Amino acid sequence: MNGATINLLYFARVAELVGKRSEAWPLEADSTGAQLLAALGERYPQLAPAARLKLAINQTHAKPSAPIRAGDEVAVFEPVTGG
């Protein structure tokens, strides 16, 4: 581990399920949104299926294939449906 981290922000039900609004998350190497969601699912099984969650990287909606780098701010939230 090289000490690099990202700042995770949790919103709405995701924050309720993990019991916090934010945390520093260790990042061993550049990774993708999908890899982060898989790791979140391992740490917080109550988020299952974690792959359904959406991400915003540095305040921009991001696809699971988007790269995540040290120092990024990553928001995690559930998909929202309109009606």
CD proxy at 222 nm, helix term only [per DSSP H run n ≥ 4: -39500 (n - 2.57); per residue of the chain; nearest 500]: -6000 deg cm²/dmol
Electrostatic dipole magnitude of the chain [Cβ: Lys, Arg +1; Asp, Glu -1; Cα centre; debye, to 20]: 220
Angle between the chain longest axis and helix 33-43 axis [Cα atoms, degrees, rounded to 10]: 80
Share of carbon and sulfur in the accessible heavy-atom surface of the chain [1.4 Å probe, %]: 53
Interchain or long-range residues, amide H under 5 Å from ALA66's placed H: GLY33, ALA34
Within the range 2-56, trypsin sites (Lys or Arg not before Pro) in DSSP loop having at most 14 other beta-carbon neighbours inside 10 Å: LYS20, ARG21
Rounded D (µm²/s) - the chain, Kirkwood Rh over Cα pairs, Stokes-Einstein at 10 °C, 1.306 mPa s: 125
Virtual spin-label span in nm between ALA12 and SER65, 7 Å along Cα→Cβ: 2.6
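Rounded to the nearest 0.05, what FRET efficiency do ALA4 and ALA51 have when you use their Cβ-Cβ distance and R0 = 22 Å?
0.35
Between ASN58 and GLU78, what FRET efficiency follows from the Cβ-Cβ distance if R0 is 30 Å, with the result rounded to 0.05?
0.90
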Theoretical gain in end-to-end length, GLU23 to ARG43 [0.36 nm per residue, Cα-Cα removed]: 5.9 nm
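The values are calculated or read from the model by the stated rules, or taken from the named source; none is laboratory data. Because the structure is predicted, anything quoted here is derived from the model rather than measured. FYI the Cβ positions are ideal-geometry reconstructions off the backbone, even for glycines, and counts take in every protein chain you see. Just so you know, the surface numbers come from the protein's heavy atoms only, side chains and all, with ligands and any DNA or RNA stripped out. Shrake-Rupley method; radii C 1.70, N 1.55, O 1.52, S 1.80 Å.
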